[in-house]
Amino acid sequence: MTSKERMAVAMGMGIPDRVPVMGQMSIGHMLLQTGFPPVEFWLSRELFAEGLLRLRRQYAFDGILVSLHGHGPDWERGIVRVVRDSDREVVHWKDGGRTVFPRDDLPLHYPAADRIPPSIASFDPDSIPERLNFIPVSQGLRFAIDPEHPYDIFRTVQAEAGEGYSIHGEVTSPFDYFLDLFGFSAGFLALVEEPDRSKAVLERLSAGVVRIAEEQARLGLNAIKISSPYAGAGFISPRHYREFVLPYERRIARAGRELGVPVYLHTCGAIHDRLELMAEAGVSGIECLDPPPLGNVDLAEAKVRVGRTIFIKGNIDPVHTLLAGPPERIEADVRRRLAMGGAGGGYILSPACSIAPHTPPGHIEILSRLAAETAYPAG
């Protein structure tokens, strides 16, 4: 089987020739391993694509997750100057803002003037544009989507990777956009104080995310991930999850399914109490399945509860196991995951969440090596 075929069988709940392997790489890890300049890597379509392709080859992954899209070709036009030192690059923008680009982490943006979140009590949901023009990456960090080049990077990766590998797109949960819009504290309070208006905003946001998912699906991608990191037990209760997260992520899953593209759901941390709720969204699979202490998911239990109807991906602790090592401990852990997750099909071996920046490459290479050496488990 090719890697693409292997992934397709696993995502379709079948049993491939071996357990497929895939991993989401943090920006910091890609920077450290490629040595690319942080500013150019973050903003250049060509360099970001090269980083993804280079590390897929190094780690022999069966798939590539393209986590950012919408790189504009004229990204340098807004820059006044770049100040570089040994551990970071600092961009000063024409609008007066600045962005710090570490050589081992996500950028930190400091706008010229603080953005004042709107009040939900007076917010008009119709003011949200039909076409969303940014990705809410993390805690106020936004990645702009160039309206003339929203999906160029997928075509670049497809052209370079060929037909042999599974190429995945990514959209962000409407709930993440909601928290980005109102701020974390005010956003969570709004769910309680203004539930109807919150739902109207989420409905409008979900229409924009569905549009992106549909457009990605029509590019011929092999799967689409919904990034929903703030929907775990540390942030929102199961009752509020059902009310403010599930209906809107269900719309995204339906859109992908209608276009024949598997959609899977990514939620970090503690999700033991909502595995079935996540599956109710109609997704084809779920990740990260963080084990203790990062989360609270037991892979064998998850396999019984939801892994017979949707594929599951992940469960290797990226910090205490994959980063910390040693290799012997990683090997033992990976063999357990292959046995537990692989039984009966529908499993993709992967770090639970993103590969930590300073993870030694040799630790990651263990995953594909052992998957290739391990006979598919019975059961």
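The values are calculated or read from the model by the stated rules, or taken from the named source; none is laboratory data. Not measured: the values here are computed from a predicted model. Note that each Cβ is placed from the backbone with ideal geometry, even for glycine, and that neighbours are counted across all protein chains shown.
Details
- Extreme residue, farthest from Phe41 (Cα to Cα), among residues of the stretch 81-96 that are without any contact (Cβ under 8 Å) to a residue 24 or more places away in the chain and touching a strand residue (DSSP E or B) at 6+ places or on another chain (Cβ under 6 Å): Lys94
- Breaking point among (1) surrounded by 14 or more Cβ atoms within 10 Å (Cβ to Cβ); (2) of a type in the set (Gly, Ala, Ser); (3) at pLDDT 95 or above; (4) out of contact with any Gly (no Cβ under 7 Å at 6 or more places or on another chain), for Ser166: (4)
- Positions within the stretch 345-362 being touching a strand residue (DSSP E or B) at 6+ places or on another chain (Cβ under 9 Å), farther than 22 Å from Thr2 by Cβ and outside any loop (DSSP other than H, G, I, E, B), in sequence order: Pro351, Ile355
- Qualifying positions in the stretch 151-173 - more than 15 Å from Arg57 (Cβ to Cβ), in a loop (DSSP other than H, G, I, E, B) and more than 18 Å from the chain's Cα centre (by Cα): Glu163
- Pairs are defined by a Cβ separation below 8 Å, a sequence spacing of at least 6 or placement on different chains, a first member in the stretch 115-137 that is farther than 12 Å from Leu205 by Cβ, and a second member that is among the hydroxyl-bearing types (Ser, Thr, Tyr) and modelled with pLDDT of 95 or more; the pairs so defined are Ile120/Ser198; Ile135/Thr172.
- Residues in the stretch 180-213 that are within 19 Å of Ala255 (Cα to Cα) and of a type in the set (Gly, Ala, Ser) were compared, and the one that is surrounded by the most Cβ atoms within 10 Å (Cβ to Cβ) is Ala213.
- Screening Ser284 against (1) under 18 Å from Ala352 (Cα atoms); (2) out of contact with any Pro (no Cβ under 6 Å at 6 or more places or on another chain) leaves a single unmet condition, (2).
- The stretch 308-344, subset outside any helix (DSSP H, G or I) and over 20 Å from the mean Cα position of the chain (by Cα), residue farthest from Leu289 (Cα to Cα): Pro326
- Positions within the stretch 1-49 being more than 30 Å from Thr99 (Cα to Cα) and among the charged types (D, E, K, R), in sequence order: Lys4, Glu5, Arg6, Asp17, Arg18
- Residue that is in contact (Cβ under 8 Å) with a residue 24 or more places away in the chain and surrounded by fewer than 22 Cβ atoms within 10 Å (Cβ to Cβ), where the choices are Leu52, Leu68: Leu68
- Checking each residue in the stretch 266-290 for being farther than 20 Å from Pro20 by Cα, of a type outside the set (Val, Ile, Thr) and assigned to a loop (DSSP other than H, G, I, E, B) picks out Cys268, Gly269, Ala270, Glu280, Ala281, Gly282.
- Selection status of Tyr59, at pLDDT below 95 and hydroxyl-bearing (Ser, Thr, Tyr): no
- In the stretch 307-320, the residue that is farthest from Glu276 (Cα to Cα) out of those that are buried (at least 21 other Cβ atoms within 10 Å of the Cβ) and free of Cβ contacts under 8 Å to residues at least 40 places away in the same chain is Asp317.
- Here the stretch 86-107 is the region considered, the condition is being in a strand (DSSP E or B) and out of contact with any Phe, Trp or Tyr (no Cβ under 8 Å at 6 or more places or on another chain), and the residue that is farthest from Ala144 (Cα to Cα) is Pro102.
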